[in-house]
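Take a look at the structure set out below.
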């Protein structure tokens, strides 16, 4: 049995983020041959092309961590009808300088949660546009725009209702197949 390491990128820095909770709940749904590692993007400086030749240690760490994973899971909120700036900043850092794109070829899943009625649909679309340019094969279906309700999470941090749990397990199952299909040997 092969082992797969997945890097989890959460587009929110808030400790009690719905998206952090969603990522942790999804990790519990993963199969035994998958392990998940949160990739820290909170300490990255703002991207500046002048720093490409001398990146900060946090940038070097992120690029190294990305190089060690076989897949990526992006779990993001929506800020002002787009992806959070901290997430875009991480995409820019790890894809630069030109020709040294750490994201390239890593199969990804994109998901997100929000209290809004359209959840994270527009943020995910913007993220998918960037990922397409960065050569990240991204799972397209099922789309998962999770509307946060009172019973989405239980006290243990699991998905708290059967309907949402079934849907998210289905998403995870499809994501697992996607990663296995696209991992570069």
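Among the residues of this structure, residue 86 does not count as one that is modelled with pLDDT of 95 or more, outside any loop (DSSP other than H, G, I, E, B) and surrounded by 24 or more Cβ atoms within 10 Å (Cβ to Cβ). Whether any residue in the range 23-32 is at pLDDT 95 or above and within 27 Å of residue 96 (Cα to Cα) is what I want to check. Within the range 23-32, one or more residues are at pLDDT 95 or above and within 27 Å of residue 96 (Cα to Cα). The requirement of being outside any strand (DSSP E or B), on the phi > 0 side of the Ramachandran plot and out of contact with any strand residue (DSSP E or B) (no Cβ under 9 Å at 6 or more places or on another chain) is fulfilled somewhere in the range 72-82, by at least one residue.
For residue 136, the conditions (1) surrounded by fewer than 16 Cβ atoms within 10 Å (Cβ to Cβ); (2) part of a loop (DSSP other than H, G, I, E, B) are fulfilled apart from (1).
Conditions tested, residue by residue: (1) in contact (Cβ under 8 Å) with a residue 60 or more places away in the chain; (2) surrounded by fewer than 12 Cβ atoms within 10 Å (Cβ to Cβ); (3) assigned to a loop (DSSP other than H, G, I, E, B).
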position: 90; (1), (2), (3): yes, no, no
position: 101; (1), (2), (3): no, no, yes
position: 104; (1), (2), (3): no, no, yes
position: 110; (1), (2), (3): no, no, no
position: 113; (1), (2), (3): yes, no, no
position: 122; (1), (2), (3): no, no, no
position: 131; (1), (2), (3): no, no, no
position: 151; (1), (2), (3): no, yes, yes
position: 157; (1), (2), (3): yes, no, yes
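Between 15, 37, 63, the distinction of being free of Cβ contacts under 8 Å to residues at least 60 places away in the same chain and in a helix (DSSP H, G or I) belongs to 63 only.
The values are calculated or read from the model by the stated rules, or taken from the named source; none is laboratory data. These numbers were taken from a predicted model, which means no experiment stands behind them. Here the Cβ is made from the backbone with ideal geometry for all residues, glycine too, and neighbour counts use every protein chain on show.
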